[in-house]
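Data first, discussion second: the structure below is written as C-alpha cells.
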Amino acid sequence: MRATVTIALQNLPWVFLGSMIVLCTVAVWITPIVTLRAQDLSISRNLLSLLVLFLLGCGMSLNNTIEAGKALLTNRNWAFKRTPKYAIQHDREEWQNRIYQVPLDFVCFLELACVCMGVIAMGYAAWRSNFGVWLILVPYTIAYAFVSLLTIRQSRKVGRT
C-alpha cells in the first residue's frame, strides 16, 4: 500500500505537466475555431488554413521573442521585419499584385538551428523511448522548418510588378 502511494506521488508532477501540455496545445486552436464558427465558416473546409496558421504562429515564436526583447531591452526604434511591407502609398493600390520580400538575417539561421536541435532531440527521445515529448518536438520542429523555408524563399530578389 505504501509503495503504491509513493509511486502515485512520484507521478503526480508528470500528470500535472502532461495535463498542462495538453491544455496549452488545445488552447491554441480555440480562437481560430471560434472565429470560424462566428463567421459561419466550415472548420473542415478550412483545416489547411488552420494548419498554416498554426505553423506560422509556432514557427515565428523565436523571431517574435527576439523582436520583443529588442523593443523591451533597448531604446532604439526597431522595425519589425516580418510584418508584410508592400510599399502601398495610395488607397487604390492593391497588395495582391506585389511580391513580399523579407531580408535573410541571422534569425533564419537560428530557426534552422532549432530545426536541427528538434530533429536531434526527437532522435534522442526515440532512443530513450520517450515518445511523449514528441507531442511538443514534432510540431515546433515542423513549424520552424516551415518558417525557415518561407523566409529563404521570400528573401530571393525578385522584380516587383
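Quick notes
- Among the numbered conditions (1) surrounded by fewer than 12 Cβ atoms within 10 Å (Cβ to Cβ); (2) at pLDDT 85 or above, the only one that Pro32 does not meet is (1).
- Complete set of residues in the stretch 35-45 that are part of a helix (DSSP H, G or I), loosely packed, with under 10 Cβ neighbours inside 10 Å and not hydroxyl-bearing (Ser, Thr, Tyr): Ala38, Arg45
- Hey, Tyr144 assigned to a helix (DSSP H, G or I), surrounded by 15 or more Cβ atoms within 10 Å (Cβ to Cβ), hydroxyl-bearing (Ser, Thr, Tyr) and in the same structural domain as Thr65 (by TED's automatic domain parsing) or not: yes
- Residues in the stretch 113-133 that are surrounded by 15 or more Cβ atoms within 10 Å (Cβ to Cβ) and farther than 15 Å from Cys58 by Cβ: Ala121, Met122, Ala125, Val133.
- Test for Leu150: is it at pLDDT below 90, surrounded by 13 or more Cβ atoms within 10 Å (Cβ to Cβ), among the aliphatic types (A, V, I, L, M) and part of a loop (DSSP other than H, G, I, E, B): no
- Pairs where the first residue, in the stretch 32-44, is within 20 Å of Leu56 (Cβ to Cβ) and the second is among the hydroxyl-bearing types (Ser, Thr, Tyr) and in a helix (DSSP H, G or I), C-beta under 9 Å, 6+ apart: Pro32/Ser49; Leu36/Ser49; Leu41/Thr35
- Scanning the stretch 83-112 for residues being assigned to a loop (DSSP other than H, G, I, E, B), surrounded by 15 or more Cβ atoms within 10 Å (Cβ to Cβ) and either of a type in the set (Ser, Thr, Tyr) or at pLDDT 80 or above (or both) gives a total of 1.
- Residue match in the stretch 1-16 (condition: closer than 30 Å to Val107 by Cα, modelled with pLDDT under 90 and not aliphatic (A, V, I, L, M)): no
The values are calculated or read from the model by the stated rules, or taken from the named source; none is laboratory data. Owing to the predicted nature of the structure, the values given are computational and were not obtained by experimental measurement. Because the Cβ atoms are built from the backbone with ideal geometry, glycine has one as well, and the counts that use them run over all protein chains shown.
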